[in-house]
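Before any comments, here is the structure.
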Amino acid sequence: MASKIVFCPPLSKTIMDVARGMVPAGYELEVLDQQDPRFAAAMPEAEYFMGFARGGMGPEFYRAAPRLKLIQLISAGYDRLDVEAARQARVPVANNGGANSVAVAEHTMMLILAVYKRLAWQHENVVAGKWRVGDLGEQRVYELAGKTLGIVGLGTIGKKVARRAVGFDVDIRYYDIVRLTEEQEDALGVKFTLFPELLQTSDVVSLHVPLNDATRKMMGAREFAMMQKDAIFINTCRGPVVDEEALRHALLSKQIAAAGLDVMVEEPPLINHPLFGLENVTFTPHSAGPTWENWTKAFRNAFDNVQRVARGDKPLWVIPELR
């Protein structure tokens with residue numbers, strides 16, 4: 001009898017076809033929405049849950065799935081997951097094993113360049129019939145070469161950002177609660193600094209941290225005030241790690257020069273969000289991770305982990321709180 005994997009919530013047909021094409025022999029993939037009555041009927045026999053952390057995954061979820069061996073997330077983030085419920089049920093939770101790390105690292109570099117080159121503003125002017133608007137000495141664009149990049153959070157994504165940034169001839173600093181050895185730092189081309197020091201000395205500050213109690217609003221009024229006036233701020237991790245009102249004040253008061261944001265506190269944000277009226281912010285809609293190539297990587301990691309657990313091995317990429 002095939003082992004049952006329940007995937008929730010359903011993604012588009014083209015993406016789910018990728019997943020179905022990778023299901024290992026001996027497994028059955030059932031794609032269901034949590035509100036579908038078939039979901040409740042499927043969970044008592046499910047051995048693996050695959051997909052995204054959503055509401056409704058508290059203690060009752062695990063009681064209804066007594067055979068569950070693994071929660072395998074397709075995402076890197078798990079801030080919407082009830083970690084304590086998983087702990088009490090003794091069901092390991094694994095994220096996507098860095099499947100989206102290349103995508104997010106590339107997106108980070110894109111945002112840095114888009115902000116420095118004022119890409120969104122340039123585009124809007126061109127399509128409006130305005131060519132080379134303003135005084136080039138006042139409407140400035142900048143080179144990345146020679147700048148100092150400060151990476152906050154040197155995990156899988158942070159390291160990939162560092163590797164890509166090397167090619168732009170930047171000086172790379174990092175802050176992380178887990179410090180590399182000197183040999184590792186030399187190999188990656190980075191130098192450790194304390195968090196306040198990083199803020200004070202970096203031309204670009206880029207966040208790559210998980211969302212938890214320690215990182216929530218880690219960038220507030222005090223932190224933005226430490227940054228250089230010509231510095232730019234990039235966030236491709238999670239919106240709530242930033243105090244958005246403090247960011248708005250820093251941008252309006254010219255405490256910092258500009259920002260590039262792929263994530264926001266509320267998603268989707270309100271149509272009249274206070275940051276939307278600012279010319280010195282470039283936005284993307286939490287789109288850094290889900291490149292087309294990422295889905296194959298994420299499903300490959302997910303099915304590999306399922307098979308590991310089936311063999312009696314420990315799963316990879318278990319979230320830190322449950323290791």
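The values are calculated or read from the model by the stated rules, or taken from the named source; none is laboratory data. In this text, all values refer to a predicted model and were calculated from it rather than measured experimentally. So basically every Cβ, Gly included, is an ideal-geometry build from the backbone, and we count neighbours across all protein chains shown. For accessibility, only protein heavy atoms count, side chains too; no ligands or nucleic acids. Shrake-Rupley method; radii C 1.70, N 1.55, O 1.52, S 1.80 Å.
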Exercise. Putting +1 on Lys and Arg Cβ atoms and -1 on Asp and Glu Cβ atoms, find which of Pro66, Thr14, Ile177 reaches farthest to the positive end of the dipole of the chain.
Key: Pro66
Quiz item: P(r) for segment 179-302: what percent of alpha-carbon pairs falls in each 10 Å bin, starting at zero?
Solution: 12, 38, 32, 16, 2
Quiz prompt | By accessible area with a 1.4 Å probe, ligands and nucleic acids excluded, highest first: order of Val178, Val170 | solution = Val178, Val170
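How much of the pair distance distribution for the chain lies past 31 Å, counting alpha-carbon pairs only, in percent?
38
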Quiz item: Considering only protein heavy atoms, what per residue accessible area in square angstrom results for segment 1-159 with a 1.4 angstrom probe?
Solution: 49
Quiz item: How do Trp292, Trp121, Trp317, Trp131 rank by accessible surface area computed with a 1.4 Å probe, from largest to smallest?
Solution: Trp131, Trp292, Trp317, Trp121
Quiz item: So what is the accessible area of segment 194-323 per residue, in Å², with the probe set to 1.4 Å?
Solution: 50
Quiz item: Rounded, prolate or oblate: which fits segment 85-225, taking a ≥ b ≥ c as square roots of the Cα gyration tensor eigenvalues, rounded meaning a/c under 1.5, else prolate when a/b beats b/c?
Solution: prolate
Exercise. Give the ranking of Lys254, Lys4, Lys69 by solvent-accessible surface, highest area first, calculated with a 1.4 Å probe.
Key: Lys254, Lys69, Lys4
Quiz item: Add -39500 (n - 2.57) for each DSSP H run of 4 or more in the chain, then divide by its residues: what number comes out at 222 nm, to the nearest 500 deg cm²/dmol?
Solution: -10000 deg cm²/dmol
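Whenever you get a sec, compute what percent of the accessible area on the chain sits on carbon and sulfur atoms (1.4 Å probe).
53
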Quiz prompt | Between 0 and 90°, nearest 10: helix 101-117 axis offset from the chain longest Cα axis | solution = 20
Quiz item: If you look at just the Cα atoms of segment 37-140, how large are its Rg and its Dmax in Å?
Solution: 23.1, 67
Practice problem: At 1.4 Å probe size, with no ligands or nucleic acids counted, give the accessible surface of Val265 in Å², nearest ten. | Solution: 60
Self-check item: Electrostatic dipole magnitude of the chain [Cβ: Lys, Arg +1; Asp, Glu -1; Cα centre; debye, to 20]
Solution: 480
Self-check item: Mean shadow area of segment 275-323, taken as a quarter of the surface of its Cα convex hull (nm²)
Solution: 5.7
Exercise. Counting only C-alpha contacts under 8 Å and six or more residues apart, can you give the relative contact order of segment 63-218 as a whole percent?
Key: 22
Practice problem: Specify the inter-centroid distance of segment 1-60 and segment 221-268, based on alpha-carbon positions, in whole Å. | Solution: 37
Quiz item: Can you flag which of Lys159/Lys297; Lys69/Lys160; Lys147/Lys297; Lys191/Lys217; Lys4/Lys314 are past 23 Å Cα-Cα?
Solution: Lys69/Lys160; Lys147/Lys297; Lys191/Lys217
Self-check item: Average Cα contact separation per residue, the chain, under 8 Å, 6 or more apart, as relative contact order %
Solution: 18
Self-check item: Normalised alpha carbon radius of gyration of segment 234-293 [divisor 2.2 N^0.38 Å]
Solution: 1.12
Quiz item: For segment 79-162, with only Lys/Arg (+1) and Asp/Glu (-1) charged at the beta-carbon, what is the dipole magnitude about the Cα centre, in debye rounded to 20?
Solution: 160
